[in-house]
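Here's the structure, in structure tokens; my notes come after.
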Amino acid sequence: MIGACFSLGVAAAALAETAERPHAACKADREKFCKDVKPGEGRMRDCIMSHKDELSDGCKAAHKERMEKRMERRKKRRAEKAE
């Protein structure tokens, strides 16, 4: 039981770190391209994506990593459902 709780905690921490990485990596890009955008309801995401070709390499890499991890989780869920 304790091991399962620990594993869940580690997984949650890793997921939170992944989710935060694009946020931190794109800080300068948000300030440069989206400084007048009010956060919420997807406005910041839409602004950042409207400048996707202009983003810094670090921001692009963080978004790519996040998308790859998201796809891995989707594949895993699909495989589990198929069992």
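Bear in mind that the values in this text are calculations on the coordinates, not laboratory data. What you see is a predicted model; the values in this text were computed from it and never measured. A quick note on method: Cβ atoms are made from the backbone with ideal geometry, for glycine too, and the neighbour counts reach across all protein chains shown.
Annotations for the structure displayed:
- Taken over region 27-64, the criterion of being among the small types (Gly, Ala, Ser) and surrounded by 11 or more Cβ atoms within 10 Å (Cβ to Cβ) is satisfied by 28, 50, 56, 58, 61, 62.
- For region 51-81, a residue qualifies if it is among the charged types (D, E, K, R), assigned to a helix (DSSP H, G or I) and closer than 30 Å to residue 35 by Cα, and the qualifying residues are 57, 60, 64, 65, 66, 68, 69, 70.
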